[in-house]
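Input: a single structure, listed below in structure tokens.
The values are calculated or read from the model by the stated rules, or taken from the named source; none is laboratory data. Here the structure is a predicted model, which is why all the values come from computation and not from measurement. Here Cβ is always computed from backbone atoms with ideal geometry, including for glycine, and neighbour counts include all displayed protein chains.
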Ligand SMILES: [Zn+2]
């Protein structure tokens, strides 16, 4: 069962694709023209939603069953991240603080249990949207607004946001270009998009090949590198695209402004 047939590259339209690997019954295909990669075939949408909810709920139950040694190790990791200032969400919050005034409205798409919202709500009006009702219920415990649904289809009406965060979401989407266009539509003039996604151009992927940890079909559907993501963002109507990638990190960060041909919010705050 698939949602989409294997057709031309969603990003550049080229029909020239090559199969890099075959993993767990899925091909990893890459466009030879632009480098955009994806699994084939795509699993059906209903199966994906159940997969995410099931895996997160299972992970939480597993956490509760942890023995004392694992609890101590998890606690130590938590505090090491806090001391080093690299907790989930802090990288984006630093960038947001530099660019957006306090009180601006931030939307976290695919907010999960609210890891980013928990950090961002200290300075901004926050809204999350999450496809899984179970995860949304957990995020609501933070006291922030959490919508339930597919953000590409949700009836936002006239609502617009000053910034949108998509933390480790893009790789799960089967139509990433349409998703980026929807982000642009939901942003106010000059609004800021913050993205984190797995880096298909990273050193680790090149060295590990089919054993790279980023290849997780049917969890991860699409794979960008800095060049293909920049192309996707420009196509979707973004400008001033800044990529933050390091050779050893399996993910990379990206900041982009809604291209509306006017003075940007980020520019005014800088
Ligand atoms: Zn392509």
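Of the residues 8, 15, which is near the ligand (Cβ under 9 Å from one of its atoms) and modelled with pLDDT under 95?
Checking each option against the conditions leaves just 8.
State whether the residues of the stretch 152-160 include one that is in contact with a helix residue (DSSP H, G or I) (Cβ under 6 Å, 6 or more places away or on another chain) and buried (at least 24 other Cβ atoms within 10 Å of the Cβ).
Looking for residues that are in contact with a helix residue (DSSP H, G or I) (Cβ under 6 Å, 6 or more places away or on another chain) and buried (at least 24 other Cβ atoms within 10 Å of the Cβ), one finds none in the stretch 152-160, hence no.
Any residue at all in the stretch 92-100 that is at pLDDT 85 or above, surrounded by 11 or more Cβ atoms within 10 Å (Cβ to Cβ) and in a loop (DSSP other than H, G, I, E, B)?
Within the stretch 92-100, one or more residues are at pLDDT 85 or above, surrounded by 11 or more Cβ atoms within 10 Å (Cβ to Cβ) and in a loop (DSSP other than H, G, I, E, B).
Mind telling me which of the residues 199, 240 ends up being farther than 26 Å from residue 22 by Cβ and touching a helix residue (DSSP H, G or I) at 6+ places or on another chain (Cβ under 9 Å)?
240
Within the stretch 101-110, which residues are farther than 16 Å from residue 153 by Cα and touching a helix residue (DSSP H, G or I) at 6+ places or on another chain (Cβ under 8 Å)?
101, 104, 106
Is one or more of the residues making up the stretch 131-145 crowded, with 17+ Cβ neighbours inside 10 Å, out of contact with any helix residue (DSSP H, G or I) (no Cβ under 8 Å at 6 or more places or on another chain) and assigned to a loop (DSSP other than H, G, I, E, B)?
Looking through the stretch 131-145, none of the residues is crowded, with 17+ Cβ neighbours inside 10 Å, out of contact with any helix residue (DSSP H, G or I) (no Cβ under 8 Å at 6 or more places or on another chain) and assigned to a loop (DSSP other than H, G, I, E, B).
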